[in-house]
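S.K.: Let me begin by handing over the structure; questions about it come next.
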């Protein structure tokens, strides 16, 4: 059979084989795209790392945080609700120094009772505003007043022993003198801090570490304002409630961990129900107490506290009206007599060094005289 007479398929096969042999070509091999495979592996690794960062890594470094529903934190005050709270939920992440993590065994008790811890601050008791975090009642109904009150005897549990609470006011303005007072005073003494100190984080932290119960001083308008000025952000009589509550929130954001507020001046403001009422309503809605310094007999604080279920107390005596050792010790002796007469008494002193020294000296022999020092909250009534 000649080449021309062979079937077409066989001819094409022989021709192709001959051409390949003539050209000396190697048999055909499949090409592997090594570069593309390498790039794909790199991309997969990058995607994996990114996913781990997004899904696993904690950008807050393990700080305690809580997502709260801001919309339901101030149900009773429509004016306050419009002041400063952003809509929707807010995640509050605690500073590791100001808000140490609550141990699991303590946190588990939140649903059944107050958390009593002299050093830990509970993020569940904070609400974020445009000024910073301010106290609120937790989602399980726990009040800051109950959490941050120092445990102690009360008139109902003291067995008839006279009880005295001492409040030292005006702390936080001078760091050195504040730390000195904290170091000297018995831990049962209650401390009231002004909202203007530049080192409140340090001084308040030191006070809490020593076990002191804390109050926040709120500046309220006196009759001779502005000649007699309590300080910036003073709540004023006749001012719109919205503006006063905005200033109140700013003051309340100064620090955390206090059981309530105590007035700084305020004879005019506290005599006006239209002005004082919204503030006291806000304290009730946030689970805070109010301590009246006793400087004005026209204050409506007792009535407004009762109407808004605010734990309330009133100071019986200004101990260092005459700021000298002898008169201070005499005033403390008078306070003892009041406590023996009615079962308890509350006194207040300024943070002057002479006052701190006198109170420290007086307190050393108090137990021998059959009287017990208690925090102010122990002598504050509550209708809640």
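S.K.: If you stretched the chain out fully between residue 298 and residue 157, how much longer would it get, using 0.36 nm times the residue separation minus the C-alpha to C-alpha distance?
M.R.: Extending this stretch completely gives an extra 47.6 nm.
S.K.: Based on the alpha carbons, how large is the Rg to Rh ratio for segment 148-379 when Rh follows Kirkwood?
M.R.: Working: Rg = 16.9 Å, Rh = 17.8 Å.
Reported Rg/Rh (Cα atoms, Kirkwood Rh): 0.95.
S.K.: Something else: Sticking with the crude label model, points 7 Å out along Cα→Cβ, report the distance from residue 330 to residue 227 in nm, one decimal please.
M.R.: 2.9
S.K.: For segment 245-285, treating each Cα as an identical point scatterer without solvent, what Debye log10 I(q)/I(0) comes out at q = 0.17, 0.26 1/Å?
M.R.: -0.49, -1.11
S.K.: Expected output is a single nm value to one decimal: the length gained when fully extending between residue 242 and residue 210, i.e. 0.36 nm times separation in residues minus the C-alpha distance. What is it?
M.R.: Details: separation 32, 0.36 × 32 = 11.52 nm, distance 3.71 nm.
Going from the current span to full extension adds 7.8 nm.
S.K.: Based on the mean of other beta carbon atoms within 10 Å per residue, what is the order of 128-136, 166-174, 260-268, most packed first?
M.R.: 260-268, 166-174, 128-136
S.K.: For segment 243-384, just the Cα set please: Rg and Dmax, both in angstrom.
M.R.: Looking at segment 243-384, its Cα Rg and Dmax stand at 16.4, 50 Å.
Only the coordinates and a few stated rules stand behind these numbers; no lab work does. Here the structure is a predicted model, which means the values were calculated and not measured. All Cβ positions, even for glycine, are placed from backbone atoms using ideal geometry, and neighbour counts span all protein chains on display.
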